[in-house]
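The values are calculated or read from the model by the stated rules, or taken from the named source; none is laboratory data. All figures in this text were calculated on a predicted structure; none of them were measured in a lab. Backbone-built Cβ (ideal geometry, glycine too); neighbour counts: all protein chains shown.
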């Protein structure tokens, strides 16, 4: 595990999303991280069948909420340098970036992901 302490600002990858957060606790294999900003919105769909639409359940994945705490495996946590963007702004930027990339993909999977993300955009009130 890297030598990180409680209070250190880090980036962490949780499932398929990437976040900036603050370490609030250290566990044997994980760091407990309080989310402060979103760098990459989680991927939509069935992760066991990537880029497929003909699956039993096409998952809608929400970004972790502001100040939500989550256990992130130690190997997925790195120190963060720089200014922390405001949470809602970072969420909007991450969501728009993912939607742009999916428009460029153009596949049926990408179109289904965009539908999910547009619905989430409404839920997030962006």
**Request:** Give me a count of the residues in the stretch 44-58 that are surrounded by 15 or more Cβ atoms within 10 Å (Cβ to Cβ), more than 10 Å from residue 120 (Cβ to Cβ) and in contact with a helix residue (DSSP H, G or I) (Cβ under 8 Å, 6 or more places away or on another chain).
**Result:** 3
**Item:** Residue among 36, 91, 57, 47 that alone is in contact (Cβ under 8 Å) with a residue 24 or more places away in the chain and out of contact with any strand residue (DSSP E or B) (no Cβ under 9 Å at 6 or more places or on another chain)
**Value:** 47
**Fill in**
Of the candidates 30, 41, the one satisfying the condition of being in contact with a helix residue (DSSP H, G or I) (Cβ under 8 Å, 6 or more places away or on another chain), farther than 24 Å from residue 117 by Cβ and at pLDDT 95 or above is 30
**Asked** When you go through (1) surrounded by fewer than 13 Cβ atoms within 10 Å (Cβ to Cβ); (2) in contact with a helix residue (DSSP H, G or I) (Cβ under 7 Å, 6 or more places away or on another chain) one by one for residue 102, which number turns out not to apply?
**Response** (1)
**Message:** Anything in the stretch 1-13 that is surrounded by 20 or more Cβ atoms within 10 Å (Cβ to Cβ) and touching a helix residue (DSSP H, G or I) at 6+ places or on another chain (Cβ under 7 Å)? List them, or say none.
**Reply:** 12
**Asked** Any residue in the stretch 64-77 that is assigned to a loop (DSSP other than H, G, I, E, B), at pLDDT 95 or above, on the phi > 0 side of the Ramachandran plot and out of contact with any helix residue (DSSP H, G or I) (no Cβ under 7 Å at 6 or more places or on another chain)?
**Response** yes
**Evaluation of residue 89 against (1) surrounded by 12 or more Cβ atoms within 10 Å (Cβ to Cβ); (2) farther than 15 Å from residue 61 by Cα; (3) at pLDDT below 95 (one fails), failing number** = (3)
